[in-house]
Amino acid sequence: MSEALLTVKNLSVDFHTARGTVHAVRNVSWSVSRGETLAILGESGSGKSVSANAIMNLLDSPPAEIVSGEILYDGKDLLKISQEEHRALNGKKIAMIFQDPLGHLNPVYSVGWQIVEMMTAHGRPHDLAHKRALELIARVGIPEPEKAMRKYPHQFSGGQRQRLMIAMALMLKPDILIADEPTTALDVTIQAEVLALLKELQAETDMALVLISHDLGVVAEIADRIVVMNEGEIVESGTVREVYHEAKHPYTRKLIAAAPGKGEIKIPNRSSPILLSVEKLSKSYHSFHALRDASFTVARAQSLAIVGESGSGKSTLARTLLRLETADSGHVYWKGKDLLTMSARELLGVRREIQMVFQDPTQSLNPRMSVYELIAEGWDIHKLMPARQERRARVIELLEQVGLIAEHIDRYPHQFSGGQRQRIAIARALALEPELIICDEAVSALDVSIQAQVIALLDSLRQRLGISFIFIAHDLGVVRDFADTVIVMKAGEIVEMGPTAQIFEAPREPYTKKLLASNLDPDPDVQAKRRAMGIYA
Amino acid sequence: MIKLIGQRAIASIFSLLVLMVLVFFLSRLTGDPAVLFLPIDATEQMKEEFRRLHGLDRPVLEQFWFYLQDLAYLDFGESLRKARPALEVVLEAYAWTLPLALITMALVMVAAIVLGSLAAFKTGGFFDRLVSIISLIGASAPDFWIAIVAIVIFSIGLGWLPTSGVGTPVHWILPVAVLFIRPFGLVVQVVRGSMLAALQAPYVKTARAKGVKNLPLIFVHTLRNGMLPVITVMGDQAAALLNGAVIVETIFGFPGIGKLMIDSILQRDFNVVLAAIMVTALAIFIMNVLIDIAYGLLDPRIRY
């Protein structure tokens, strides 16, 4: 291996918060060489972004305090240089791109202005910067560069925004590019494209790439070496293959085991009675067809997954069949009765029988209500269920059912972790003894290991209580593990539908094939094989 | 954008009409101007004559009908006090109030944005605390008290500035300074809060990662985003000034719209009151349109 370009040595950073000091990273050491891709892999709160932020001088202190360590670049310790020296390096020698390109681009300036500024901020003449920006915008695959320069961030799609961020980062041909979860907010097919672009550009410029990610698949696709972080410490490091096949640390092994898409595929039970039958359901907004002629059925204890990219109509489908949106045409039969035409009183009863669990439990749980109030609230709305004196006991029972404990009953949502909050949301749905639960991206916001636990919980509820699930998701691995039937949606239409095994092992539609090919496998060998087969081409 | 302004204009014409009806009838409920204009010992006949001369003997609805007819020709009637067209009297006073308001708000804008932004950039520092204290005092001190104290100190004590009146630029210093203090105190707080939020935004992190210097970081990247709530508050404050600063104008003998309005109300000079209210309402409407345009200019997401 060639000489290291950037070396982080024994870095320790504390965060001083109101609740005491948090050791964000402890004794972290890693290095990256020219032309190499290093991935820092970890779940939320593992401290994976802290060292990158320290390199870029982006840690606010207070609350952050760099306790010890050094960051060596070009013969200098970046922790000792002045603010002005840092400023001169940022963007010019070390550039960074981020997870959410919409938030990270300034909404009130044109993208051209922002990209050009990367060079003018470092004293380069404006016309030169303009010329290079045009070249790079074309290089990252944005059509009509001249026109694109004058547009604003909100006028681009998510994938295009990330391409523009990449163009901006490369303006001054940096030695090192730090990419902090660069594809997490993107659809799988777009993710594959952006990763391929990053690899190409790296090969052209021979820069070092530091990729920060929680996604084993992304890491396996693009990285040469990995460091795995847990609770502020590096627990494992090595080449991608070593880490995947010969992980030494129990945490790494747990992480790899938790990666979805490896379990046994479920087979739908054809003998169970039909609960919900959707016929030719359509919904449009003005002239935009959000949903066109969707038809399918859900049987008791079935788990039906709806997959598709953003804007494919997955959520519109769920909202329309629950009558949260008015359908343009079609029927939704719930146990034989048309849900779309029934009276408000009857609908209230159905609303109890069909519950929803949303993506972000932080937002779907009222922060001012205790766990008890959150779970018991539905009983008041539907004027049924346990008598007042039995309610606490029933709530405790529900908490235990979702893997929480009795002591949690009087706490508030902010006192829980993301995974625990989603369990509370599930307990709230279960409180009304539903027969169907619609999960709208219910596990997407959770870390991989937590995701696996929640999926296991949902599956046990399905088996024990005979609850049916409509599982809306974009992550195919999770779908493969949980669903017995899969619907693939694109641009408001169902393009393919069938048992999970058929969709995953013998897809018919080209779009389904593309979706499956874009889904990154955590096994680097599987990935390499796919690349060799030219599946991404 | 143009459509938006058109919609606003239609809505505003409607509110102007409602306002006019309200003021017309409410002002007539306050009593009879003849009692105030004529000497105390005026005979009933003289009062009768005065009312007939000004059309005040007719039924109220008929008066209103005539008023509307005249208004169609932008004729707001005559001032009872000055025996001149009411609109002329109002516009004359407005010619004093408008520059007073504009100069004050321009100073408020510049001072509040610069000080508020710098305070937000170094939160908790000495400068931030100093700005917070000054703005708190400014926002809470009553302006009539400041006006009087300022006269005592600068006019009477030091003899630097005139106590009242207009004429030379020097006469403007005290009224502008006193009017400046409250909106400044308030707007500084809003700028600081808004900039504090904007400085936390992810795009500021991007700018820092790009190596953008501190001053452009604050005044180019953050300020334009932070300005949106500030403009709204500035608009409110400007509206108060466009209505005429009654107390400050009275104390400094400044012949603006506020002083004219209060004098006309006390004298039941209905036509002037109505004309003054319509003109200020129009001014505030124009200002709101300007604010909408400013919003559109600052934030492309509103334009496209």
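The values are calculated or read from the model by the stated rules, or taken from the named source; none is laboratory data. Quantities reported herein were computed from a predicted structural model and do not represent experimental measurements. Counting neighbours? That spans all protein chains shown, and the Cβs are built from the backbone with ideal geometry, glycine included. Just so you know, the surface numbers come from the protein's heavy atoms only, side chains and all, with ligands and any DNA or RNA stripped out. Shrake-Rupley method; radii C 1.70, N 1.55, O 1.52, S 1.80 Å.
Side notes on the structure shown:
- Dipole-positive endmost among A:Asn106, B:Ala238, A:Leu177 within the protein assembly as shown (Cβ charges, Cα centre): A:Leu177
- Ranked by how many other beta carbons lie within 10 Å on average, peptides A:168-178, B:100-110 from highest: A:168-178, B:100-110
- For A:Val67, the amide hydrogen comes within under 5 Å of the amide hydrogens of A:Ser12, A:Val13, A:Asp14, counting only partners 5 or more places away or on other chains and with H modelled in the peptide plane.
- Close amide-amide hydrogen proximity is noted between A:Ser33 and A:Leu5, each under 5 Å apart and 5 or more residues distant or on a separate chain (H modeled in the peptide plane; Pro and chain starts excluded).
- Computed helical MRE - 222 nm, the protein assembly as shown, DSSP H runs ≥ 4 contributing -39500 (n - 2.57), nearest 500: -16000 deg cm²/dmol
- Of B:Lys122/B:Lys210; A:Lys147/B:Lys210; A:Lys131/B:Lys122; A:Lys151/A:Lys314; A:Lys131/A:Lys514; A:Lys80/A:Lys248, those spanning more than 32 Å from alpha-carbon to alpha-carbon: A:Lys131/B:Lys122; A:Lys131/A:Lys514; A:Lys80/A:Lys248
- Heavy-atom accessible surface of B:Trp65, to the nearest 10 Å², is about 150 Å², with a 1.4 Å probe and all protein chains retained.
- For chain A, the solvent-accessible area of protein heavy atoms averages 43 Å² per residue (probe radius 1.4 Å; ligands and nucleic acids excluded).
- Under a 5 Å amide H cut-off, with hydrogens placed 1.01 Å from N, A:Ser303 pairs with A:Phe469, A:Asp484, A:Thr485 among residues at least 5 apart or on other chains.
- Spacing of the modelled spin labels on A:Ala257 and A:Asp60, each 7 Å from Cα toward Cβ, amounts to 4.0 nm.
- Given charges at Cβ of Lys, Arg, Asp, Glu: chain A dipole, positive-most of A:Asn57, A:Ala429, A:Ala528: A:Ala429
- A:Thr485, A:Thr205, reordered so the largest accessible area comes first (probe 1.4 Å): A:Thr205, A:Thr485
- Portion, in percent, of the accessible area of the protein assembly as shown that falls on carbon or sulfur, probe 1.4 Å: 59
- Under Karplus coefficients 6.51, -1.76 and 1.60, residue-wise ³J(HN,Hα) of segment B:289-297 in Hz, glycine/proline x: 4, 4, 5, 4, 5, 4, 4, x, 5
- With Cα atoms as the point set, segment A:274-521 shows a radius of gyration and Dmax of 18.1, 57 Å.
- Chains A and B, summed buried accessible surface - 1.4 Å probe, Å², nearest 100: 2300
- Taken per residue, the accessible surface of segment B:87-303 reaches 43 Å², heavy atoms only and a 1.4 Å probe.
- Computed FRET value (nearest 0.05) for B:Lys213 with A:Ser449, which takes r as the C-beta separation and R₀ as 60 Å: 0.90
- Spacing of the two label points (7 Å from each Cα toward its C-beta) at B:Ala197 and B:Ala95, in nm: 4.3
- Exposed GluC sites (Glu not before Pro) absent - longest run of chain A, DSSP non-H/G/I/E/B, at most 14 other C-beta within 10 Å: A:265-537
- Check: the protein assembly as shown dipole with +1 on Lys, Arg Cβ and -1 on Asp, Glu Cβ, in debye: 460
- Length added when fully stretched, B:Asp263-B:Phe127, from 0.36 nm per residue minus Cα-Cα: 44.6 nm
- Rolling a 1.4 Å probe over the protein chains gives B:Phe144 an accessible area of about 100 Å².
- Mean separation of Cα contacts under 8 Å, 6 or more apart, over the residue count of chain B: relative contact order %: 27
- 15 Å Cα-Cα reach of A:Lys266 towards aspartates and glutamates, excluding residues that sit fewer than 8 places from it in its own chain: A:Asp459, A:Asp481, A:Asp484, A:Glu505
- Using θ = phi - 60° in the Karplus curve 6.51 cos²θ - 1.76 cosθ + 1.60, the 3J(HN,Hα) couplings for segment B:101-108 round to 5, 5, 4, 4, 5, 4, 5, 4 Hz; x is entered for Gly and Pro.
- Shielding value for B:198-207 is 6, the average number of Cβ atoms from other chains within 10 Å of each residue's Cβ.
- Residue-span extension gain [A:Phe288 to A:Tyr412] - 0.36 nm each, minus C-alpha spacing: 40.6 nm
- Neighbourhood charge, 11 Å Cβ-Cβ cut-off, centred on B:Leu260 and excluding it, Lys, Arg +1 and Asp, Glu -1: -1
- Estimated vicinal HN-Hα couplings, Hz - segment A:42-57 in sequence order (Karplus 6.51, -1.76, 1.60; Gly, Pro = x): x, 8, 5, x, 7, x, 5, 8, 5, 5, 5, 5, 5, 4, 8, 6
- Set of lysines near A:Lys337 by C-alpha distance (under 22 Å), chain-local residues within fewer than 8 positions excluded: A:Lys280, A:Lys283
- Considering only A:Gly492, A:Asn519, A:Val278, and ranking their Cα positions along the charge dipole of segment A:274-521 that arises from unit charges at the beta-carbon of Lys, Arg, Asp and Glu, the one farthest toward the positive end is A:Val278.
- Set of aspartates and glutamates near B:Lys47 by C-alpha distance (under 17 Å), chain-local residues within fewer than 8 positions excluded: B:Asp32, B:Asp57, B:Asp269
- FRET efficiency, 1/(1 + (r/R0)^6) with R0 22 Å, evaluated for A:Asn269 and A:Ala456 via beta carbons: 0.70
- Where labels lie 7 Å past Cα in the beta-carbon direction, separation of B:Thr163 and B:Asn288 in nm: 4.2
- Between the beta carbons of B:Leu16 and B:Thr232, assuming R0 = 22 Å, the FRET efficiency works out to 0.55 to the nearest 0.05.
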